[in-house]
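Some notes on the structure that comes next.
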């Protein structure tokens with residue numbers, strides 16, 4: 001039977017907070033202008049309908065794609081509307097449940113948005129399963145949509161194989177770092193590109209055969225020297241100048257996995273590569289993809305990723321921003337400035353804090 005539980009430490013509050021879209025940005029997110037903090041009337045188990053779950057947010061996932069959700073333009077998901085809670089994935093704890101599938105105190109992932117509390121349909125909630133050598137926040141990182149994006153992008157779209165020379169832009173980010181490691185697991189040679197010498201060092205620790213700092217004044221010449229054998233697979237998270245360089249160094253029939261273009265998301269006038277005719281000359285296959293297209297294969301992919309984690313074949317890092325909801329918009333802006341190594345999260349509430357049974 002569905003179980004209900006009232007979390008007294010939370011429900012004694014008269015309101016809870018959420019972050020809503022106040023104004024669409026034309027370029028960069030503007031703290032204090034793009035979003036606003038909203039006080040909402042408290043919700044409780046009395047507001048639940050059959051098949052619904054009340055959750056409290058513990059960690060929010062910050063992802064490059066979020067900037068695109070703020071644009072009033074056609075895309076793979078509808079834009080966030082003015083006055084609407086900012087869309088986002090989160091690691092949550094169940095407070096109350098009217099679903100036989102979930103019980104109070106359980107840790108789950110869902111898409112409640114930037115909010116302290118939310119009522120979500122049970123069908124859209126996933127129970128947390130922490131594998132050997134794993135941690136709960138992996139549900140938003142290597143075992144979440146981030147890791148799945150890397151998995152399907154490099155394996156299905158990139159079709160990486162032993163002997164390939166793979167170049168990954170944004171390689172020290174949440175997705176890129178997993179791409180590098182999966183490519184190595186499959187027998188490829190990997191060049192990672194990142195934005196600091198510290199990140200370059202970490203990429204080498206992960207097993208990349210080489211890594212470059214794109215902020216190096218000599219980056220273009222170093223990139224050319226490092227790609228003398230030309231590129232079989234380019235996994236792009238950045239776009240812009242790096243994409244243009246990669247096109248100039250592609251092998252005939254190279255596969256370009258178009259995962260993201262973070263260098264262009266905040267530009268009022270986005271630009272594309274001037275040498276796009278290389279796609280024709282080198283017969284390059286350039287393919288975009290959205291991880292949601294692979295939803296039916298998530299379970300099998302997570303099983304393999306979890307096995308790699310358990311065997312110590314996958315490493316990951318997290319950059320966690322403290323400060324709760326009010327820190328989220330600055331965190332999103334910082335994401336595009338490259339402050340993170342690995343997955344970027346905002347801590348809304350420490351899982352060990354009062355309220356509900358901790359199963360960490």
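The values are calculated or read from the model by the stated rules, or taken from the named source; none is laboratory data. This one's a predicted model, so the numbers in the text were calculated from it and none came from an experiment. FYI the Cβ positions are ideal-geometry reconstructions off the backbone, even for glycines, and counts take in every protein chain you see.
Brief remarks follow.
- Hits in region 32-72 - residues which are within 21 Å of the chain's Cα centre (by Cα), in a loop (DSSP other than H, G, I, E, B) and surrounded by fewer than 19 Cβ atoms within 10 Å (Cβ to Cβ): 65, 71
- Some residue of region 96-112 being closer than 20 Å to residue 348 by Cβ, surrounded by fewer than 18 Cβ atoms within 10 Å (Cβ to Cβ) and in contact with a helix residue (DSSP H, G or I) (Cβ under 8 Å, 6 or more places away or on another chain): yes
- Within the option set 239, 195, being within 23 Å of the chain's Cα centre (by Cα) and farther than 18 Å from residue 150 by Cα holds for one residue only, 195.
- Matching residues in region 1-25 - criterion: being at pLDDT 90 or above and out of contact with any strand residue (DSSP E or B) (no Cβ under 9 Å at 6 or more places or on another chain): 24, 25
- The residue of region 126-163 that is nearest to the chain's Cα centre (by Cα), among those that are within 19 Å of residue 255 (Cβ to Cβ) and in a loop (DSSP other than H, G, I, E, B), is 158.
- When residue 78 is tested against (1) in contact (Cβ under 8 Å) with a residue 12 or more places away in the chain; (2) in contact with a helix residue (DSSP H, G or I) (Cβ under 9 Å, 6 or more places away or on another chain); (3) under 30 Å from residue 267 (Cβ atoms), exactly one condition is not met: (1).
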